[in-house]
Amino acid sequence: MSRIGKRPVTIPAGVTASTEGQVLSVKGPKGTLTLQMLDEVTYAIEDGGISVQPANNSKRSRSFWGMQRTMVQNLVTGVTEGFSKTLEITGVGYRANAQGKTLKLQLGYSHDVNIPVPEGIEVKTPDTTTVEISGIDRQKVGQVAAEIRRWRKPEPYKGKGIKYRGEYIFRKEGKKK
């Protein structure tokens, strides 16, 4: 039994949920998100919540149960609060600048790295070494953050690179004589 799947997803005030065919849509103050429903799981919109149950007792249905409940929870959280990730840039001369729908990074290469920001995602640079990514879709926010980080992953000797806020970088000792 899924401990997460047993609990219904509560719908706060100002948020509406509806199903049309195989699509669950959640509408809230920040926007609308949709989820393609699976046949292995049944969704029931009741007063004050959305309950997710496995359609049958097969292993496949039970394995999708908790994940689908979490995905429904992410829809509700996204349209009410939104999601955000913060990246920190460490290194001499490394900096970031958000210009409209483009993020311009200087990461020690011979050229600047221009990253286009997808629709529905907002990128801010409060200072030159911090990048804040926010949006209502958790998957998109995480994907954009991972793509930015991929340009210069933190290295273990000096710690230079792009890391998530709160990420621990395992430091190594250099060569000894």
For Lys172 and Ser63, extending 7 Å from Cα along the Cα-Cβ vector and measuring point to point gives, in nm, a value of 3.5 nm
The extension gain from Tyr109 to Thr34, computed as 0.36 nm times the residue separation minus the Cα-Cα distance, is 23.1 nm
Inter-centroid distance (Cα atoms) of region 7-21 relative to region 30-103, Å | 14 Å
At q = 0.09, 0.10, 0.17 Å⁻¹, what is the base-10 log of I(q)/I(0) for the chain according to the Debye formula with one equal point scatterer per Cα and no solvent? Please give it to two decimals.
-> -0.45, -0.54, -0.99
With Cβ to Cβ distances under 9 Å as the rule, what net charge do the other residues near Tyr94 carry (K, R +1; D, E -1)?
-> +3
Do the sum for the chain: with -39,500 (n - 2.57) for every DSSP H run of n ≥ 4, divided by all residues, what is the mean residue ellipticity at 222 nm, to the nearest 500 deg cm²/dmol?
-> -7000 deg cm²/dmol
Among Lys104/Lys163; Lys59/Lys140; Lys104/Lys124; Lys104/Lys140, the pairs whose Cα-Cα distance exceeds 22 Å are Lys59/Lys140
Remind me, what semi-axes does region 3-80 give for its equivalent ellipsoid, largest first in whole Å, using sqrt of 5 times each Cα gyration tensor eigenvalue?
-> 21, 12, 10
Set Lys and Arg Cβ to +1 and Asp and Glu Cβ to -1, take the dipole of region 37-177 about its Cα centre, and tell me which of Gly166, Ser61, Met71 lies farthest positive.
-> Gly166
How many times 2.2 N^0.38 Å is the alpha carbon radius of gyration of region 38-119?
-> 1.79
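Summing Lys, Arg as +1 and Asp, Glu as -1, what charge do residues with Cβ under 11 Å from the Cβ of Arg152 carry, Arg152 excluded?
Values: positive: Arg149, Arg150, Lys153, Lys160, Lys163; negative: Glu155.
Neighbour charge sum, excluding Arg152 itself: +4.
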Arg7 versus Thr90: modelled label distance in nm, points set 7 Å from Cα along the beta carbon direction | 3.4 nm
Dipole moment magnitude, nearest 20 debye, region 1-75 about Cα centre, only Lys, Arg, Asp, Glu C-beta charged | 380 debye
Can you give the net charge of the other residues whose Cβ lies under 12 Å from the Cβ of Gln53, counting K and R as +1 and D and E as -1?
-> +2
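At a 10 angstrom cut-off on C-beta neighbours, averaged per residue, how do the peptides 85-92, 29-36, 55-62, 69-76 rank from highest to lowest?
My ranking of the peptides, most packed first, is 69-76, 85-92, 29-36, 55-62.
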May I ask you to give the average projected area over all directions of the convex hull of the Cα atoms of region 83-164, in nm² rounded to one decimal?
-> 5.0 nm²
Run the numbers on the chain and let me know its relative contact order in percent, using alpha-carbon pairs under 8 Å that are six or more apart.
-> 18 percent
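Assign unit charges at the C-beta atoms only (+1 for Lys and Arg, -1 for Asp and Glu), then state the dipole size of the chain relative to its Cα centre in Debye, rounded to the nearest 20.
On the way: 29 positive and 17 negative charges, 262 e Å.
In total the dipole reaches around 1260 debye.
Read-outs throughout are calculated quantities, based only on the coordinates presented, and are distinct from any laboratory measurement. These numbers come from a predicted model, not from an experiment. Note that we place each Cβ from the backbone using ideal geometry, even for glycine, and neighbour counts take in every protein chain shown.
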